[in-house]
Amino acid sequence: MIKKLLLLAAENKRLEDRVSRNPLTKGLVSRYVAGTTLNEAIAVARALNAKGIDVSLDLLGETVSELRESAAATNAYVDTIHAIAERAPGATVSVKLSQLGVGLDRSVCAGHLKQMLEVADQSGVTVEVDMEHSSVGPQTLETYRSFLPSFPNTRVAQQAALRRCQDDLNSFTDVKPRIRLVKGAYRESIDKAICDAGEVTAQFLHLTEWALRNLPDPAFGTHDDACIDHVKAVADRLGIDRRDFEFQMLYGVRRNLQEKLAAEGYRVRVYVPFGSQWYPYLMRRMAERPANLLLFLRSLIGG
Ligand SMILES: Cc1cc2nc3c(=O)[nH]c(=O)nc-3n(C[C@H](O)[C@H](O)[C@H](O)COP(=O)(O)OP(=O)(O)OC[C@H]3O[C@@H](n4cnc5c(N)ncnc54)[C@H](O)[C@@H]3O)c2cc1C
């Protein structure tokens, strides 16, 4: 119930305006967001690199209402890619296609993504495409698919909760995708997604083995011990080296575990969001851990 309310709140523009302007949320935001500027994000990236952890930089922002905003976001991503190439080698960028305008004009969005992919390719940087709500999910996947033959290193997130996930994965018969398997963070209807948490985890476990058997260099975006232990056990059983897949986690979540996995010799990449449009991102993080709601409310009333 609380989770549903928080996910509804994530979509509420009026609440976004109010909360975003409230200085008292600063402490909570800083737990999950690296800062408002690219320089702050690069500093966080370098600190994590020093601990043997890679990063993916996410310029916060989603669902633009005008195409000029998507062009501005693309330019900001191009700057981020150049900064990574110079100052944080090994980092990737993660992008939401709603931020590049997929909901407004698919061909314009594809043009923006192409621009990013070309610059990234020339700079030796990988692009990761986040997967959003199912209202833009199929368009996101088809746009990704259209670029995969030319940019096969590009990664795409896949949500285990979505009923179409396995069919989507099976549909790649030519070039196999590099995926980031996640449980799924959006409010979806029962016909589109599994809603029971235990069933979502079971599906994540099933897809983990499928991905390790069938896909190149899969990434597993999770903080769940049961999922992480399963990835380790299956990789071990299949004789897959610890460097041939990747654990991914969110900035600010289970930091000790991130360092422990890196010390054990696994590849770990932390998703580092930065920028000023943090509200929907933060609300999804609240929804994942309703205990966070208390922190959130306390920060709003200044406790
Ligand atoms: C790198 C990365 C990229 C992602 N990209 C996408 C994407 O493109 N599309 C998408 O739909 N979803 C994405 N997600 C979110 C994902 O779908 C889940 O909502 C999120 O990871 C929580 O699920 P979990 O597997 O960690 O398991 P859970 O069962 O939710 O969490 C396991 C444990 O992790 C800790 N934990 C989890 N979340 C939090 C939190 N917010 N704050 C504090 N502790 C927490 C708690 O201790 C919890 O008990 C991404 C997640 C990661 C890690």
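The values are calculated or read from the model by the stated rules, or taken from the named source; none is laboratory data. The structure presented is a predicted model; accordingly, all values stated were derived computationally and were not measured. Don't worry about glycine lacking a Cβ; one is built from the backbone with ideal geometry, like all the others, and counts go over all protein chains shown.
Before moving on, here are some points about what is shown:
- Taken over region 69-87, the criterion of being buried (at least 23 other Cβ atoms within 10 Å of the Cβ) and farther than 17 Å from residue 277 by Cβ is satisfied by 81, 84.
- Among the residues of region 246-281, the one identified as more than 16 Å from the ligand (Cβ to nearest atom) and among the acidic types (Asp, Glu) is 264.
- Within region 51-110, considering residues that are acidic (Asp, Glu) and in a loop (DSSP other than H, G, I, E, B), the one nearest to residue 154 (Cα to Cα): 62
- Pairs are defined by a Cβ separation below 6 Å, a sequence spacing of at least 6 or placement on different chains, a first member in region 178-197 that is within 9 Å of the ligand (Cβ to nearest atom), and a second member that is of a type in the set (D, E, K, R) and modelled with pLDDT of 95 or more; the pairs so defined are 180/155.
- Checking each residue of region 225-245 against the condition of being within 10 Å of the ligand (Cβ to nearest atom), in contact (Cβ under 8 Å) with a residue 12 or more places away in the chain and closer than 29 Å to residue 81 by Cα gives no match.
- Qualifying residue in region 46-54 (condition: within 22 Å of residue 220 (Cβ to Cβ) and charged (D, E, K, R)): yes
- Residue 287 being near the ligand (Cβ under 9 Å from one of its atoms) and either touching a residue at least 12 places away in the same chain (Cβ under 8 Å) or assigned to a helix (DSSP H, G or I) (or both): yes
- Helices (runs of 4 or more DSSP H) completely within region 1-43 that count 1 or more residues being farther than 14 Å from residue 278 by Cα: 2-10, 13-21
- When region 113-164 is filtered for residues that are of a type in the set (Val, Ile, Thr), within 16 Å of the ligand (Cβ to nearest atom) and within 28 Å of residue 88 (Cα to Cα), the ones remaining, listed by number, are 126, 127, 129, 140, 143, 154, 156.
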